Amino acid sequence: VQLQASGGGLVQAGGSLRLSCAASRAIASINLMGWHRQAPGKQREWVAGVTRRDNTNYANSVKGRFTISRDNAKNMMYLQMNNLEPEDTAVYYCKVLYEGQAYWGQGTLVTVSS
């Protein structure tokens, strides 16, 4: 499974961005998809996940501000990020678990200025 993340950029604090993740294969049968991020000098951390049945879960740091979704018809996953904070600055990666293996996208940089 190849994943292509896009939508990152520079935004002021309080602003919004929508990240997209395009998959190279049909995702309807992929149970778990999600977003992770890695800030400068820090370890990669999980941000949000969505199941095949559209159950979602979020890290406490983004709960109430970020929304994860998937469109199985388009083989796409999204991360709507609102009320962004400088602490959200990171490279964001999409990830799927398929047949017991993890697949990662190349990452898209989000920079939030104060």
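With every protein chain left in place, what is the accessible area per residue of the chain in square angstrom, probe 1.4 Å? Intermediate results must be reported in sequence, preceding the final value.
Values: 6050 Å² over 114 residues.
About 53 Å² of surface per residue is accessible.
Run the numbers on the chain and let me know its relative contact order in percent, using alpha-carbon pairs under 8 Å that are six or more apart.
Details: 284 pairs, mean separation 41.9, N = 114.
This gives 37 percent for the chain.
Tell me the label-point distance for the pair GLU85, ARG25, using the 7 Å Cα-to-Cβ offset, in nm and rounded to one decimal. That separation, rounded to one decimal, is 3.8 nm.
Sequence-ordered 3J(HN,Hα) estimates for the range 21-37 from the Karplus curve with 6.51, -1.76 and 1.60 and θ = phi - 60° stand at 9, 9, 9, 7, 9, 4, 9, 4, 8, 7, 6, 10, 10, x, 10, 10, 8 Hz, glycine and proline given as x. In this rough spin-label picture, where each label sits 7 Å from Cα along the Cβ direction, the SER61-LYS42 distance is 0.2 nm. For the chain, the Stokes-Einstein estimate of translational diffusion at 10 °C and a viscosity of 1.306 mPa s comes to 114 µm²/s, using the Kirkwood hydrodynamic radius over alpha-carbon pairs. Within the listed set TYR98, TYR58, TYR78, the Gaussian network model of the chain (springs between alpha-carbon atoms below 10 Å) gives the highest mean-square fluctuation for TYR98.
Surface composition of the range 1-75: carbon plus sulfur atoms hold 43% of the accessible area, using a 1.4 angstrom probe and ignoring ligands, DNA and RNA.
The values are calculated or read from the model by the stated rules, or taken from the named source; none is laboratory data. Here the structure is a predicted model, which is why all the values come from computation and not from measurement. Note: ideal-geometry Cβ built from the backbone for every residue, glycine included; neighbour counts use all protein chains shown. SASA here: full protein model, heavy atoms, side chains in, ligands and nucleic acids out. Shrake-Rupley method; radii C 1.70, N 1.55, O 1.52, S 1.80 Å.
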